[in-house]
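In what follows, a structure is listed as structure tokens, so that the remarks can point back to it.
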Amino acid sequence: MSKENKKEKKLKEDNNEKELIVKKEKIHKERRGKWLRQTSLTILLIAVIVAACIGINLFVEDKNFADFDVTEDKIYSLSDMSKSIIDSIDKEVDIKLVNMNESVEDFANKYNSENNKIKVEVITDVTSRPDLTDEYGITADTSIIIIECGDKQKTLTSYDLYTTDYTTYQTKDITEEAITNAILDVTTEEKPVIYNLTGHNKYDSNYLYYFSEDLAQEAYDYKDLDLLTSGSVPDDCAVLMMTTLAEDITEAERDAILKYIDKGGKIVLFTDPNTSGKSLPNFQKVLDEYGISISEGVMLEQDSDKMLYGTASAILVTVSPYTSVTSETNMNINACFMSPGKIDIADSEKLEELGVESEILATTSENSFYRTDFSLTSGSKTDSDEDMPSATVGALLKKKIDDDKTSEMIVYSNNIFITNLQIQLSAQYYSYALDFYNNEDLAINSIAYLTERDNMITIRKDTENTAYTVTEQQNIIILTIIFAIPVFIIIIGIIVWQVRRRKK
């Protein structure tokens with residue numbers, strides 16, 4: 001090959017090499033430019049997302065929107081009863097939260113979201129509010145909720161927001177119950193007075209303590225009434241409550257109750273069957289006004305799905321959802337009656353003569369039976385027992401006095417179900433009779449009906465949420481899930497990104 005050809009070849013190779021270098025530099029510049037553009041866009045996008053999150057959070061915090069509650073039982077939402085009460089309030093209510101934690105603040109804001117007449121104020125510096133320090137004697141370390149309406153106020157401390165379940169010894173959160181009842185207390189002009197007839201009762205007031213507390217929490221004024229000392233049922237009596245008698249009432253007490261009925265009085269009767277067979281003519285005279293009687297025998301159950309485990313006398317009675325008392329709940333509910341009797345209601349002709357209309361509130365199952373031989377200890381039906389399907393154990397009687405007055409009685413052939421009698425569930429656990437199923441709801445709703453407080457007739461949510469306390473080992477596991485696993489995922493992502501980058 002000639003020198004000229006070699007020279008020409010060398011020149012071409014040099015030119016090709018230069019073109020290759022230029023091409024590589026161009027590709028490198030394009031890649032670097034593309035990386036810079038992508039990185040800039042990524043940073044810009046992150047900045048926009050962060051700014052949007054901050055803006056949304058500030059907006060939501062300013063507006064105090066209610067949190068979304070995705071729990072099955074809606075334990076972080078207001079119950080239907082609270083909503084019904086709050087919606088009906090037309091007065092200005094102020095909730096002042098002094099040094100309370102964030103969870104209480106969040107919950108209090110739900111009341112404002114439900115009704116804007118309820119204002120929530122968070123106070124973290126009590127020195128700026130000398131009016132509160134003077135009136136309530138609070139200090140910088142005080143944690144307190146102050147609920148005010150006009151000249152009425154009520155205070156709650158942190159201790160009022162929790163209670164202890166002495167069957168399990170767990171701490172339970174009752175924040176909603178405490179705040180709702182406090183609001184109801186300060187906004188109620190006149191509390192209906194419930195008088196409990198005393199003097200001849202089988203169960204003393206200690207057995208009704210929790211039930212009386214429930215009534216007080218729902219803004220009822222609960223009082224004992226001895227007719228032998230008072231002489232008559234007080235004019236302010238909204239409902240006269242009668243419970244199982246250990247002996248008959250006197251003629252004077254009978255006549256006082258009959259006069260109360262003639263005035264259109266309301267009665268709620270919780271009575272166990274008269275298993276002792278004692279003569280109660282004066283008490284029966286009161287029942288005769290409504291055309292009813294209570295059996296001396298008891299109802300027992302054969303259906304295992306309608307009784308507490310292995311206990312034929314602890315019957316799950318069916319409460320009708322279609323009665324005047326229960327229709328507001330919009331739910332089927334069960335109550336647990338312990339050794340109930342049966343209610344015998346006069347025939348339609350006799351009821352018409354008395355001017356009485358009746359509604360069946362609660363019944364036993366199709367497989368229940370009736371027992372009068374109390375020497376029998378077996379829970380199974382014997383030849384001496386009587387089949388008694390769907391026996392009436394709860395009823396509403398409306399007695400027309402005249403065109404302007406109607407007396408009403410709600411009667412349940414069981415008293416134990418509203419008491420705090422301890423029912424043993426096993427060797428380790430027991431429960432109070434009032435706490436079984438919807439026992440509390442049934443009893444309080446009955447009184448709410450008689451006092452015409454329809455907004456109080458509801459199924460009460462179990463707001464007593466158990467506080468979860470973790471062990472040290474559980475805490476380590478939780479922290480690992482929260483922090484270590486996300487960090488591990490990020491590291492794996494970086495490694496994968498580097499490997500793919502090197503392959504290019």
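Set side by side, the residues Glu190, Glu177 differ, and just one is in a loop (DSSP other than H, G, I, E, B) and at pLDDT below 90, which is Glu190. Whether a residue is open to solvent by 50 Å² or more (accessible area, probe 1.4 Å) and in contact with a Lys or Arg (Cβ under 8 Å, 6 or more places away or on another chain) was assessed, and Glu353 does not pass this test.
Taken over the stretch 104-133, residues that are crowded, with 16+ Cβ neighbours inside 10 Å and of a type in the set (Val, Ile, Thr) amount to 6. Looking across the stretch 251-287 at every residue that is touching a residue at least 40 places away in the same chain (Cβ under 8 Å) and of a type in the set (Lys, Arg), the one that is farthest from Lys202 (Cα to Cα) is identified as Lys263.
Among the residues of the stretch 139-155, the ones that are open to solvent by less than 30 Å² (accessible area, probe 1.4 Å) and either at pLDDT below 90 or under 15 Å from Val122 (Cβ atoms) (or both) come to 4 in all.
Screening Glu301 on (1) farther than 23 Å from Ser446 by Cα; (2) open to solvent by 50 Å² or more (accessible area, probe 1.4 Å) shows it passes everything except condition (2).
From the list Gln284, Gln302, the lone residue that is within 34 Å of the chain's Cα centre (by Cα) and among the polar types (S, T, N, Q) is Gln302.
Here are some residues: Ala362, Ala433, Ala391. Which one is touching a Cys at 6+ places or on another chain (Cβ under 9 Å) and open to solvent by less than 50 Å² (accessible area, probe 1.4 Å)?
Working: Ala362 fails: touching a Cys at 6+ places or on another chain (Cβ under 9 Å); Ala391 fails: touching a Cys at 6+ places or on another chain (Cβ under 9 Å).
Residue meeting the stated conditions: Ala433.
Here Lys400 clears all of (1) over 26 Å from Leu308 (Cα atoms); (2) of a type outside the set (Asp, Glu); (3) open to solvent by 60 Å² or more (accessible area, probe 1.4 Å); (4) at pLDDT below 85 except the condition numbered (4).
Could you please find all residues in the stretch 330-346 being modelled with pLDDT under 80 and over 15 Å from Tyr437 (Cα atoms)? Walk me through it before giving the result.
Filtering the stretch 330-346 for residues modelled with pLDDT under 80 gives 330-333.
Matches in the stretch 330-346: Asn330 only.
Check the stretch 450-473 and report whether any residue there is within 30 Å of Ala178 (Cβ to Cβ), modelled with pLDDT of 75 or more and among the polar types (S, T, N, Q).
Step one: list which residues in the stretch 450-473 are within 30 Å of Ala178 (Cβ to Cβ), which gives 450-471.
Remaining after also requiring modelled with pLDDT of 75 or more: 450-453.
With among the polar types (S, T, N, Q) added as a condition, the list becomes 451.
The answer is yes; a qualifying residue exists.
The condition of being under 30 Å from Glu452 (Cβ atoms), under 28 Å from the mean Cα position of the chain (by Cα) and of a type in the set (Ser, Thr, Tyr) does not hold for Ser339.
Would you mention how many residues in the stretch 338-350 are open to solvent by less than 70 Å² (accessible area, probe 1.4 Å) and within 15 Å of Ser293 (Cα to Cα)? Count: 7.
The residue that is farthest from Tyr432 (Cα to Cα), among those in the stretch 195-234 that are among the β-branched types (Val, Ile, Thr) and touching a residue at least 24 places away in the same chain (Cβ under 8 Å), is Val233. Here Glu349 clears all of (1) in contact with a strand residue (DSSP E or B) (Cβ under 9 Å, 6 or more places away or on another chain); (2) assigned to a helix (DSSP H, G or I) except the condition numbered (1). Under the condition of being outside any strand (DSSP E or B) and under 21 Å from Ile410 (Cβ atoms), the residues counted in the stretch 290-345 number 20.
Residue count for the stretch 171-186 under the criterion of being open to solvent by less than 20 Å² (accessible area, probe 1.4 Å) and touching a residue at least 40 places away in the same chain (Cβ under 8 Å): the result is 7. Summed over the stretch 96-154, the residues that are out of contact with any Ser or Thr (no Cβ under 6 Å at 6 or more places or on another chain), closer than 25 Å to Lys83 by Cα and in a helix (DSSP H, G or I) give a count of 12.
Listed by first and then second residue, the pairs with beta-carbon distance under 8 Å, at least 6 apart or on different chains, first residue in the stretch 119-144 and more than 21 Å from Glu102 (Cβ to Cβ), second assigned to a helix (DSSP H, G or I) and open to solvent by 50 Å² or more (accessible area, probe 1.4 Å), are Thr133/Thr127.
The values are calculated or read from the model by the stated rules, or taken from the named source; none is laboratory data. Just so you know, these numbers come straight off a predicted model, no measurement behind them. Every residue, glycine among them, receives a Cβ derived from its backbone with ideal geometry; neighbour counts consider all protein chains shown. The protein model used for the area step is the full one, side chains on, heavy atoms only, and it has no ligands, DNA or RNA in it. Shrake-Rupley method; radii C 1.70, N 1.55, O 1.52, S 1.80 Å.
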